[in-house]
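Note sheet for the following structure.
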Amino acid sequence: MTRHTDSTSQLSLTFEPGLSQRHQSLRQCMAAGVYQRGLVRVAGQIDMSPSKLSEKLSGGNDRKRDIGCDDLEMYIEKTNDTTPIYYLIDKFLRDPALSQQEAMARLAAFADTLPALMSAAGLSQGKKRA
């Protein structure tokens, strides 16, 4: 008889929102990290030639040019760049209610600055545009 104990824990994450809007794909997110750190340096860290890594990051339908899960895992392990993980979290696990709250907070901040911006632009509330 097997006994299963439930030892779940809550994981708290703090990350930069908007990654899924900034990058069109996981490949593009990883490519941004690679080029930010230096193609030659990262290629050496993950034991791949720079030209091969560049080809894989450029994508395409050719399976030889495809970044695989193992490549991604090695990249994260060797560079400590967890941005691709956060990209996936932002894209697939984002709480819609939280997104709405963040949008409302940004809207409130914008509303606070709007009168000063309108005044600086010469658009006071009492004037009507022709």
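Worth a mention:
- Protection-proxy order for peptides 89-97, 27-35, 108-116, 51-59, each taking the mean of Cβ atoms within 10 Å per residue, highest first: 27-35, 51-59, 89-97, 108-116
- Asp95/Glu73 FRET efficiency (R0 35 Å; Cβ-Cβ; nearest 0.05): 0.85
- Potential lengthening of the chain between Tyr35 and Thr82 amounts to 15.4 nm, from the contour at 0.36 nm per residue minus the alpha-carbon distance.
Each reported figure results from applying straightforward, stated rules to the coordinates on display, with no laboratory input. Note that the structure is predicted; figures quoted are calculated from it, not measured. Here Cβ is always computed from backbone atoms with ideal geometry, including for glycine, and neighbour counts include all displayed protein chains.
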